[in-house]
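Data block below; observations after.
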Amino acid sequence: MMWYDGGWGWGGWIVMTVFMVLFWAIVIVGLIALVRYLAGARHHQQPGPPPPPGEGGGQDRRAENLLAERFARGEIDEDEYKRRLAVLREHR
């Protein structure tokens, strides 16, 4: 009984091996990219509900929270807190 080689010889095995390695490399790189993308999207989300419409963006709320923290730590007094809070709300 004779085996038909098809004319490729060892070249067929080498080409097949190279393509298999490339295929699995692409699959692994794709999975890593997908995991990093999903982890990055989850990492950049801000906790808590979004601000109501017309009440400014997250930056306004963040600035007010920082101002409230400074007042709570005693870095600024009540008059300065109220004045700065009014300025922040005025420029929305």
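Figure legend. Inter-residue proximity from the range 68-92: first residues open to solvent by 100 Å² or more (accessible area, probe 1.4 Å), second residues modelled with pLDDT under 90 and aliphatic (A, V, I, L, M), beta-carbon distance below 7 Å, spacing 6+ or different chains. No pairs are indicated.
Per-residue answers, yes or no, for (1) open to solvent by 90 Å² or more (accessible area, probe 1.4 Å); (2) at pLDDT 80 or above; (3) not in a loop (DSSP other than H, G, I, E, B):
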| residue | (1), (2), (3) |
| --- | --- |
| Met20 | yes, yes, yes |
| Trp24 | yes, yes, yes |
| Ile28 | yes, yes, yes |
| Ala33 | no, yes, yes |
| Ala41 | no, no, yes |
| Gly48 | no, no, no |
| Gly56 | no, no, no |
| Arg61 | yes, yes, yes |
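The values are calculated or read from the model by the stated rules, or taken from the named source; none is laboratory data. Remember, predicted model here, so these are calculated numbers, not experimental data. Positions of Cβ are generated from backbone atoms using ideal geometry, with glycine treated the same way; all protein chains shown enter the neighbour counts. Protein only, heavy atoms only, side chains kept; ligands, DNA and RNA dropped before computing areas. Shrake-Rupley method; radii C 1.70, N 1.55, O 1.52, S 1.80 Å.
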